[in-house]
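Here's the structure, in structure tokens; my notes come after.
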Amino acid sequence: KCVEIASAESGGGINNTVLHTTKIPEAKLSALLRTRLDRMLRWVTETDTERQMLRVFHAASTGDDSRFRTE
């Protein structure tokens with residue numbers, strides 16, 4: 001179940017993701033992230049789109065994602 005954290009097909013939303021994420025060692029989380037980024041990057045083929053995604057990831061990782069929020 002932990003391998004499927006944050007996947008649309010597993011359901012459960014944010015609470016499910018947080019619950020499972022806290023139980024996974026950082027090395028495993030890193031491996032999962034690399035796998036998912038690799039999968040995502042196969043679909044992102046334009047440089048502008050790749051830059052956009054990297055800006056969003058960077059902003060989210062630094063906590064500076066307020067300009068991307070829709071609420």
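Read-outs: derived from the displayed coordinates by stated rules, not from any lab. The structure displayed is predicted, hence computed values, not measured ones. Quick reminder, even Gly has a Cβ in these numbers, built from the backbone with ideal geometry, and neighbours come from all protein chains shown.
Set the Förster radius R0 to 25 Å, insert the Cβ-Cβ distance between Trp43 and Ser66 as r into 1/(1 + (r/R0)^6), and round the FRET efficiency to 0.05.
Numbers: r = 27 Å, r/R0 = 1.06.
It comes to 0.40.
Points 7 angstrom from Cα along the Cβ direction at Ala59 and Glu26: gap in nanometres?
So the two model labels end up 2.7 nm from each other.
Using a 7 Å offset from the Cα along the Cα-to-Cβ direction at both Asn16 and Leu33, what is the distance between the two label points in nm, to one decimal?
About 2.3 nm, to one decimal.
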